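Have a look at the structure below before the remarks.
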Amino acid sequence: MCSVLEAIREQAVSQHFSRVHRVSLEVGAWCNVEIEALVFCFDIVMQGTMADGAVLDVVSVPGTGWCQQCQNNFRVFSRVAPCPSCGTWEVAMSGGSQFTITAMEVE
């Protein structure tokens with residue numbers, strides 16, 4: 001959350017805003033982040049800052065894989081899983097590791 005606060009401060013300087021009312025995050029399944037803990041930490045870290053009292057919206061993004069053999073994109077529930085279409089183990093993780101601020105409501 002300290003990195004989120006730093007990103008908010010950087011945007012405040014470049015975009016000339018002084019208050020944040022809402023922050024939206026995308027959190028990938030492979031980030032190993034507990035959403036409830038994230039929300040709790042957000043409230044604590046933002047106290048006394050331009051985002052004090054802001055609402056945090058979190059969108060959980062599933063893990064996805066891409067099969068190098070059959071070119072199939074699919075949802076992944078384990079980092080060690082074969083392609084559900086062709087069964088090969090030549091799978092590259094292609095999504096689910098992001099931790100991104102996607103939007104902010106500011107003034």
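Annotations
- Residues in segment 71-85 that are closer than 18 Å to Asn32 by Cβ and either modelled with pLDDT under 90 or out of contact with any strand residue (DSSP E or B) (no Cβ under 8 Å at 6 or more places or on another chain) (or both): Phe77, Ser78, Arg79, Val80, Ala81.
- Flag for Phe40 being free of Cβ contacts under 8 Å to residues at least 60 places away in the same chain, out of contact with any strand residue (DSSP E or B) (no Cβ under 8 Å at 6 or more places or on another chain) and either closer than 21 Å to Met104 by Cα or not hydroxyl-bearing (Ser, Thr, Tyr) (or both): yes
- Contacts under 8 angstrom Cβ, first residue in segment 81-105 being touching a residue at least 40 places away in the same chain (Cβ under 8 Å), partner part of a loop (DSSP other than H, G, I, E, B) and surrounded by fewer than 14 Cβ atoms within 10 Å (Cβ to Cβ), 6 or more apart: Met93/Arg79; Gly95/Pro62; Gly96/Pro62
- Answer residue from segment 50-64, given it is over 17 Å from the mean Cα position of the chain (by Cα) and surrounded by 15 or more Cβ atoms within 10 Å (Cβ to Cβ) and is farthest from Ala7 (Cα to Cα) among those: Ala54
- Checking each residue of segment 64-79 against the condition of being within 26 Å of Val23 (Cβ to Cβ) and not aliphatic (A, V, I, L, M) gives at least one match.
- If you check Val27, Val61 for being among the β-branched types (Val, Ile, Thr), within 30 Å of Glu107 (Cβ to Cβ), in contact (Cβ under 8 Å) with a residue 24 or more places away in the chain and in contact with a Leu (Cβ under 9 Å, 6 or more places away or on another chain), only one passes: Val27.
- Test: residue in segment 67-80 that is out of contact with any Ser or Thr (no Cβ under 8 Å at 6 or more places or on another chain), in a helix (DSSP H, G or I) and among the hydroxyl-bearing types (Ser, Thr, Tyr): no
- Tally, over segment 3-44, of residues that are assigned to a strand (DSSP E or B), surrounded by 15 or more Cβ atoms within 10 Å (Cβ to Cβ) and either in contact with a Lys or Arg (Cβ under 8 Å, 6 or more places away or on another chain) or not hydroxyl-bearing (Ser, Thr, Tyr) (or both): 6
The values are calculated or read from the model by the stated rules, or taken from the named source; none is laboratory data. Nothing here was measured: the structure is a model prediction, and the numbers come from that model. Counting neighbours? That spans all protein chains shown, and the Cβs are built from the backbone with ideal geometry, glycine included.
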